[in-house]
Amino acid sequence: MNILLVEDDDLLARGIQNALADVHNSVILATRGRQAIQLIRDPATCPDIIILDLGLPDMDGMDLLRQIKTHQKTSTKIPVLVLTARDRVEDKVLGLDEGADDYLTKPFEVEELMARLRVLERRSKPVLDENIAIGNITLNTASYTISKNGENFSLSRREFSILLTLMENPGRVFSREQLIDRVYEWDEEVCSNSLDVHIHNIRKKTGSDFIRSIRGVGWLVVK
């Protein structure tokens, strides 16, 4: 994901940037509201998701949120996660009413922040055709069925999620961390070889060359 982080606390901003970069996100930092507006309006820097602190030095974050939502009336909708120390119920209600897609109060756990970002990413994706076909493999997102040459076969829930992620993004390499981040809940413990076992099971049913390994990088499906 390309994420715009609007936060003027340098220590907190660097911590969030490092945590998100560790799971292969691109994070641009804006420390002022006006700087954030410029980045959002520029197609070259327009983000997929915005993390917005309300306590900014040059304007109130609520005013910035209103400007973002006004801009989005004529452009692509960008999910906004408000991240703030304002923890009163009235503040949360105001933020959500003004158009925030989620509201997380400080202090917070980084794992929860990342889980909420994953939810916003999923919600913002366009609805795809129910059938995704690559080669002789067809996956149906409505019936949760998979077939090879017209013959159905079954996968576990996590194996289905892995295959869906790869088939939705043909040609894109997903690292171990990215697949684990998409398949497992943020508070689950993951065995060291569980992902390898899942991919091995998928390959037994799709064919050994359907999911390709890029040594030291990750896995992909090529259309």
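Scaled against the 2.2 N^0.38 Å expected of a compact globular protein of N residues, the Cα radius of gyration of the stretch 133-223 reads 1.03. Taking the stretch 97-127 and a reference point 7 angstrom along Cα→Cβ of residue 2, no backbone N atom is nearer than 11 Å.
Of the solvent-accessible surface of the chain, computed with a 1.4 Å probe over protein heavy atoms with every protein chain present, carbon and sulfur atoms account for 48 percent.
Each pair of Cα atoms in the stretch 58-113 enters the Kirkwood radius, and Stokes-Einstein at 10 °C and 1.306 mPa s then converts it into a translational diffusion coefficient of 132 µm²/s. Computed as a quarter of the hull surface, the mean projected area of the alpha carbon convex hull for the stretch 98-156 stands at 6.4 nm². When the inverse distances between all different Cα atoms of the stretch 1-124 are averaged and flipped, the Kirkwood radius reads 14.3 angstrom.
Between the helical axis of 110-124 and the longest alpha-carbon principal axis of the chain there is an angle of about 70 degrees.
Note on the chain: Lys pairs 8 or more places apart or on different chains, Cα atoms under 22 Å apart, count 13. Compute the acute angle (0 to 90°) between the alpha-carbon long axis of helix 61-71 and the principal axis of greatest extent of the alpha-carbon atoms of the chain; round to the nearest 10°. It is inclined by approximately 60 degrees.
So between residue 108 and residue 96, what do we pick up on full extension, going 0.36 nm a residue minus the alpha carbon distance? That pair, residue 108 and residue 96, stretches by 2.5 nm at full extension.
If both residues of a DSSP beta bridge must be in the chain, then about 50% of such bridges are antiparallel.
Helix 157-168 axis versus longest C-alpha principal axis of the chain: approximately 80°, rounded to the nearest ten.
Over the chain, average the accessible area per residue using a 1.4 Å probe and give it in Å², no decimals.
It amounts to 54 Å² per residue over the chain.
Over the C-alpha trace of the stretch 5-49, radius of gyration and Dmax come out as 10.7, 28 angstrom. Note that the chain, at 10 °C in a medium of 1.306 mPa s, gets a Stokes-Einstein diffusion coefficient of 82 µm²/s from its Kirkwood radius over C-alpha pairs.
The values are calculated or read from the model by the stated rules, or taken from the named source; none is laboratory data. The structure displayed is predicted, hence computed values, not measured ones. With ideal geometry, Cβ positions are generated from the backbone for all residues, glycine too; neighbour counts draw on all protein chains shown. For the accessible areas, the whole protein counts, side chains as well, though only heavy atoms, and no ligand, DNA or RNA atoms are used. Shrake-Rupley method; radii C 1.70, N 1.55, O 1.52, S 1.80 Å.
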